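Trainee: This is the structure I have questions about; it appears just below.
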Amino acid sequence: MSNDAPLTEVPAHLRTAVDTAKQKVADLHAELPRWELVVWTAGNVSERVRNDQGEDLLVIKPSGVSYDDITAEAMVVCDLDGNLVEGDRSPSSDTAAHAYVYAHMPEVGGVVHTHSTYATAWAARGEEIPCVLTMMADEFGGPIPVGPFAIIGDDSIGRGIVETLRGSRSKAVLMKNHGPFTIGGDAKGAVKAAVLCEEVARAVHVSRQLGEPLPIEQQHVDSLYERYQNVYGQR
Ligand SMILES: O=C(CO)[C@@H](O)[C@H](O)COP(=O)(O)O
């Protein structure tokens, strides 16, 4: 956390990067209803803007704004203490959580929070999603863990996300009685993790209606994860 006075405007050398992030994060919010991860306004996406001349910033949606009305111009910019730096609307009510993750996990470039149905159902039970699908090994490198119950309004949710994911390969955490938070190298990676988190939550739930899903041996989880993270797709 910075000891300097909070920024009151975006530094000139970050203007282009912030504007690019605003457009990207605005566009990515359309993915939340597209993949049926949200109802109403119950989800948010942010991206870190790295600053080699001081504290990083984050770009996030304004609180309670319909996804139909989310534009690059509507996005707000905050510092990693959650203070508003630019924007004429209140930032997401989860800004403190996003900011805490960025402040304590420097490798994270994007954060997403949703209340997607199946992942949230697992969160309501406080049970981790076991690694019984190759897609889980690919994207999460193991089970999707559960984070502690935490009330919105301070950094307790962010603290719970960090204490759960730090040292884990998982890009998703099911905050108990609340819902999933996901991380990524950028906002698109965090959105992808949110989409796949909901997919495996649903598939494993359906599997359990048929019987007990079969675990994957750790050696196979490790090899699947390494392949997917380092070989899969276009390089
Ligand atoms: O879980 C909550 C509220 O309890 C939030 O995640 C909202 O569902 C989304 O809030 P905004 O981003 O619109 O402020």
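The values are calculated or read from the model by the stated rules, or taken from the named source; none is laboratory data. Quick caveat, the model's predicted, so the values are computed rather than measured. Here the Cβ positions follow ideal geometry from the backbone for every residue, glycine too, while neighbour counts run over all protein chains shown. For accessibility, only protein heavy atoms count, side chains too; no ligands or nucleic acids. Shrake-Rupley method; radii C 1.70, N 1.55, O 1.52, S 1.80 Å.
Trainee: Between 74, 30, which is open to solvent by 50 Å² or more (accessible area, probe 1.4 Å) and of a type outside the set (D, E, K, R)?
Mentor: Checking each option against the conditions leaves just 30.
Trainee: Provide a single number: the residues in region 55-70 that are open to solvent by 10 Å² or more (accessible area, probe 1.4 Å) and either more than 12 Å from the ligand (Cβ to nearest atom) or out of contact with any helix residue (DSSP H, G or I) (no Cβ under 9 Å at 6 or more places or on another chain) (or both).
Mentor: Total meeting the criteria: 6.
Trainee: Kindly indicate whether any position in region 149-159 is more than 14 Å from the ligand (Cβ to nearest atom), out of contact with any Pro (no Cβ under 9 Å at 6 or more places or on another chain) and either closer than 15 Å to residue 225 by Cα or of a type outside the set (Asp, Glu) (or both).
Mentor: no
Trainee: In region 8-41, which residues are more than 16 Å from residue 78 (Cα to Cα) and within 16 Å of the ligand (Cβ to nearest atom)?
Mentor: Scanning region 8-41 gives 28, 29, 30, 31, 32, 33, 36, 37, 38, 39, 40, 41.
Trainee: I've got another one for you. Only residues that are within 10 Å of the ligand (Cβ to nearest atom) and either within 22 Å of residue 52 (Cα to Cα) or β-branched (Val, Ile, Thr) (or both): list them for region 91-110, please.
Mentor: Passing the criteria: 95, 98.
Trainee: Let me spell it out: the conditions are (1) closer than 12 Å to residue 197 by Cβ; (2) open to solvent by 20 Å² or more (accessible area, probe 1.4 Å); (3) within 13 Å of the ligand (Cβ to nearest atom), and residue 113 meets all of them except one. Which number is the exception?
Mentor: (2)
Trainee: Here's a follow-up. Looking only at residues in region 42-54 that are under 18 Å from residue 96 (Cα atoms) and either open to solvent by 10 Å² or more (accessible area, probe 1.4 Å) or without any contact (Cβ under 8 Å) to a residue 40 or more places away in the chain (or both), which one is nearest to the ligand (Cβ to nearest atom)?
Mentor: Of everything passing the filter in region 42-54, 42 is nearest to the ligand (Cβ to nearest atom).
Trainee: Let me ask another. Would you be able to tell me the number of residues in region 136-190 that are open to solvent by 10 Å² or more (accessible area, probe 1.4 Å) and hydroxyl-bearing (Ser, Thr, Tyr)?
Mentor: Number of matching residues: 3.
Trainee: I've got another one for you. Can you spot a residue in region 210-218 that is more than 15 Å from the chain's Cα centre (by Cα), open to solvent by less than 10 Å² (accessible area, probe 1.4 Å) and not polar (S, T, N, Q)?
Mentor: No, the conditions are met nowhere in region 210-218.
Trainee: Moving on. Taking region 76-90, which residues are of a type in the set (A, V, I, L, M, F, W, C) and either within 16 Å of the ligand (Cβ to nearest atom) or closer than 16 Å to residue 179 by Cα (or both)?
Mentor: 76, 77, 78, 84
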